[in-house]
Amino acid sequence: MKKIVAMLSGITISGVIIFCLKAVVRGYIKSNPEEVLAWIFNGIGYLIIQAINIIEWFLQITL
């Protein structure tokens, strides 16, 4: 019984934290949509560059 209560309290605490983070993120996106879009595009660009670097590195090893 104690384990179940501990699990439920853990779930609710993490759920509340996630809910608060979602609310903050939503509010931020509504107030600064351009900045959020810039962050998203920067992140995508960074991931693409990293993927290209990994592919080049892999080709240098195999060739």
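The values are calculated or read from the model by the stated rules, or taken from the named source; none is laboratory data. All of these numbers come straight from a predicted model, not from anything done at the bench. FYI the Cβ positions are ideal-geometry reconstructions off the backbone, even for glycines, and counts take in every protein chain you see.
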Discussion item. Being part of a helix (DSSP H, G or I), at pLDDT 90 or above and surrounded by 10 or more Cβ atoms within 10 Å (Cβ to Cβ) is the requirement here; does Ile11 meet it?
Written reply: no
Response to the item:
Within segment 21-44, residues of a type in the set (Asp, Glu) and either under 13 Å from the mean Cα position of the chain (by Cα) or loosely packed, with under 10 Cβ neighbours inside 10 Å (or both) come out as Glu34
